Amino acid sequence: MSPPPWEYHVEIAEHIDALRDQGALLAGAAGRAGLDATVPPCPPWQVRDLLRHAGFIHRWAARHIAECPPRVLDGPSEAEILRGGAPDPDLIAWFLEGYAVLVRTLAEADPALECGTFMAAPSSLAFWARRQAHETAIHRADAEIAAGATPDYPAEFAVDGIDELIMGFGRRRKYQPAAGPENGRLRVVAADTGDAWSVEANEGRLQPRRDSGADDDAAGAGCTVSGSASGVYLYLWNRLDAGSAGVTVTGDPALLASWQASVRVRWS
């Protein structure tokens, strides 16, 4: 029997530690880039927009843990979020304040708490710790790229982020393609860890699953994306192109193009 789609590669405490590290790295990269710097993966954002977005998300996520609403809280539009935050001279400090509150709220939370989530998970706390660790890590990449650098992630953490994207977001109805191949299989391989996934398109629906690295799982894939876990993580999250990520794409790219056009994660 295959493992459930909500099986995680990383424990709650490790996700909280990763969130703590990635938030600090994001702030440092934002400082090096400067608030006026453009954020190439997220046009037309500047770094100030990135900080306002991430700072709002951290505060919004912390409310779920602190208040335990039964459903995911509504929030303002992205345009309203980008008009918020603090004045430029205080913006990095404002970001750091909200991120620190989120880390503390998660670390001190009751593991048995129940609150609204938007993907299947072992627990509400596990969901929010994982989601915010990767939310912050990917936006750290935005800040690093704005500063002219390319981030690198520990392989186990990157594998967990690939898994969240494929097995979590890839199953959400809102990310199903409006049009695309009627059939075919996209295979994703983290070559340095041996982890692999497949995404099949059947009747307009994406159907993801975890694979092994075995040859019989590789057989029949119409398109394969392969590279280091960190590179594949950044590539599938639309932060780097294949060449910059060190990723190899072989076969028919139609399903990959459908995936990349459809699974473009927003803040909720």
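Among the conditions (1) of a type in the set (Phe, Trp, Tyr); (2) within 17 Å of ALA33 (Cβ to Cβ); (3) open to solvent by 20 Å² or more (accessible area, probe 1.4 Å), the only one that PHE56 does not satisfy is (2). Checking the stated criteria, ASP17 turns out not to satisfy the condition of being surrounded by fewer than 17 Cβ atoms within 10 Å (Cβ to Cβ), at pLDDT 95 or above, assigned to a helix (DSSP H, G or I) and not hydroxyl-bearing (Ser, Thr, Tyr).
Conditions tested, residue by residue: (1) at pLDDT below 95; (2) in contact with a strand residue (DSSP E or B) (Cβ under 8 Å, 6 or more places away or on another chain); (3) surrounded by fewer than 20 Cβ atoms within 10 Å (Cβ to Cβ); (4) among the basic types (Lys, Arg).
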residue	(1), (2), (3), (4)
GLU67	no, no, yes, no
SER77	yes, no, yes, no
PRO87	no, no, yes, no
ALA93	no, no, yes, no
GLU114	no, no, yes, no
LEU125	no, no, no, no
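Check PRO41 against each of (1) surrounded by fewer than 17 Cβ atoms within 10 Å (Cβ to Cβ); (2) assigned to a loop (DSSP other than H, G, I, E, B) and name the one condition it does not meet. Result: PRO41 fails condition (1) only.
Would region 23-33 turn up any residue that is open to solvent by 10 Å² or more (accessible area, probe 1.4 Å) and within 16 Å of THR105 (Cα to Cα)? No, region 23-33 has no match at all. With respect to the conditions (1) in a loop (DSSP other than H, G, I, E, B); (2) closer than 20 Å to ASP252 by Cβ; (3) modelled with pLDDT of 90 or more, LEU240 lacks only one, and its number is (2). When the criteria are applied in full, VAL103 fails the requirement of being part of a loop (DSSP other than H, G, I, E, B) and out of contact with any strand residue (DSSP E or B) (no Cβ under 9 Å at 6 or more places or on another chain). Annotation note: Cβ proximity below 7 Å between a residue of region 200-219 that is among the charged types (D, E, K, R) and a residue that is at pLDDT below 70 (sequence gap 6+ or interchain) occurs for ARG205/GLN176; ARG209/SER2; ARG210/SER2; ARG210/PRO3; ASP211/ASP217. When we screen ARG48, ARG63 for residues that are open to solvent by 30 Å² or more (accessible area, probe 1.4 Å), assigned to a helix (DSSP H, G or I) and without any contact (Cβ under 8 Å) to a residue 12 or more places away in the chain, the only hit is ARG63.
Checked against (1) modelled with pLDDT under 95; (2) over 25 Å from ARG239 (Cβ atoms), LEU73 meets all criteria but (1). Taking region 132-234 and the strands (runs of 3 or more DSSP E) fully enclosed by it, the elements with 1 or more residues that are at pLDDT below 95, open to solvent by 10 Å² or more (accessible area, probe 1.4 Å) and under 15 Å from VAL249 (Cβ atoms) are at 185-190, 223-227.
Does ALA261 satisfy being more than 26 Å from ALA129 (Cβ to Cβ), open to solvent by 60 Å² or more (accessible area, probe 1.4 Å) and at pLDDT below 90?
Details: more than 26 Å from ALA129 (Cβ to Cβ): yes; open to solvent by 60 Å² or more (accessible area, probe 1.4 Å): yes; at pLDDT below 90: yes.
It is true that ALA261 is more than 26 Å from ALA129 (Cβ to Cβ), open to solvent by 60 Å² or more (accessible area, probe 1.4 Å) and at pLDDT below 90.
The values are calculated or read from the model by the stated rules, or taken from the named source; none is laboratory data. Just so we're clear, the structure is a prediction, and the values are computed from it rather than from any experiment. Please note: Cβ atoms are built from the backbone with ideal geometry, for glycine as well, and neighbour counts cover all protein chains shown. Calculation scope for accessible area: heavy atoms of the full protein, side chains included, ligands and nucleic acids excluded. Shrake-Rupley method; radii C 1.70, N 1.55, O 1.52, S 1.80 Å.
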